[in-house]
Amino acid sequence: MRLFVGLAADHLATEVAGRLAELTPPAGGRLVPAEMWHLTLAFLGEMPEMALSAITQRVEEYALGQPPMGISFGRVGAIGRRPPIRVWALSSDSDRAKAAIQRAHEMFRPWLPERELRRPPLVHLTLARGQWATEPKGHAVDPPIAFRPGPVVLYESHMQPAGVRYERLATFRLAR
């Protein structure tokens, strides 16, 4: 099972749809369906099915201890260190969101791949995937897109020829 933990963001569909001309990726990008939008907190990768119960319990603990927050996405552009770039996303410098990702990394440390532990928190919402030989230029989003994250979700990622599909395995509301 290929697992990750995220904050659901599918309720942003209406606002993003109204600003799609401003947010559309360069040619060659494939839009991610709104029902798959999320802010990744912790990418766990391949996990044995027998770990699912313990991970689900930890996701619930995370949700119960994570207060709601607002995040503002102020840029849209490519995310990646070197070509080919594969992700076109809204991004944010939100300290609260970075802290939420750090907290997730601490709570899910036993299951995180080493490279995830070394990676600094990157607050982003993937809008499209593609392959661009050079880094496409991004730009500021004005006014920024405000985001009030939905529930904490444990997702399973299914790789398919037509692209990836995410299945929600468990969903927990944030603390009040």
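The values are calculated or read from the model by the stated rules, or taken from the named source; none is laboratory data. No experiment lies behind these values; they were computed from the predicted model shown. Please note: Cβ atoms are built from the backbone with ideal geometry, for glycine as well, and neighbour counts cover all protein chains shown.
Just a yes or no: is a residue in segment 55-66 under 30 Å from ALA140 (Cα atoms), out of contact with any helix residue (DSSP H, G or I) (no Cβ under 7 Å at 6 or more places or on another chain) and among the small types (Gly, Ala, Ser)? Looking through segment 55-66, none of the residues is under 30 Å from ALA140 (Cα atoms), out of contact with any helix residue (DSSP H, G or I) (no Cβ under 7 Å at 6 or more places or on another chain) and among the small types (Gly, Ala, Ser). Scanning segment 36-59 for residues that are surrounded by fewer than 12 Cβ atoms within 10 Å (Cβ to Cβ) and in contact with a strand residue (DSSP E or B) (Cβ under 9 Å, 6 or more places away or on another chain) gives a single hit, GLU46.
Taking segment 1-50 as the range and being basic (Lys, Arg) and over 18 Å from the mean Cα position of the chain (by Cα) as the test, only ARG19 passes.
Return the residues of segment 93-109 that are among the polar types (S, T, N, Q) and either part of a helix (DSSP H, G or I) or at pLDDT 95 or above (or both); say none if nothing qualifies. Result: GLN102, single match.
Yes or no, residue by residue, for (1) free of Cβ contacts under 8 Å to residues at least 60 places away in the same chain; (2) loosely packed, with under 15 Cβ neighbours inside 10 Å; (3) out of contact with any Leu (no Cβ under 7 Å at 6 or more places or on another chain):
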| residue | (1), (2), (3) |
| --- | --- |
| PRO120 | yes, yes, yes |
| LEU125 | no, no, no |
| TRP132 | no, no, yes |
| PHE147 | no, no, no |
| ARG165 | no, yes, yes |
| LEU174 | no, no, yes |
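Can you tell me which of GLU60, GLU15, GLU35 is at pLDDT 95 or above, out of contact with any Pro (no Cβ under 9 Å at 6 or more places or on another chain) and charged (D, E, K, R)? Just one listed residue meets the conditions, GLU60.
Residues in segment 110-168 that are outside any helix (DSSP H, G or I), closer than 16 Å to GLY80 by Cβ and basic (Lys, Arg): ARG119, ARG129, LYS137.
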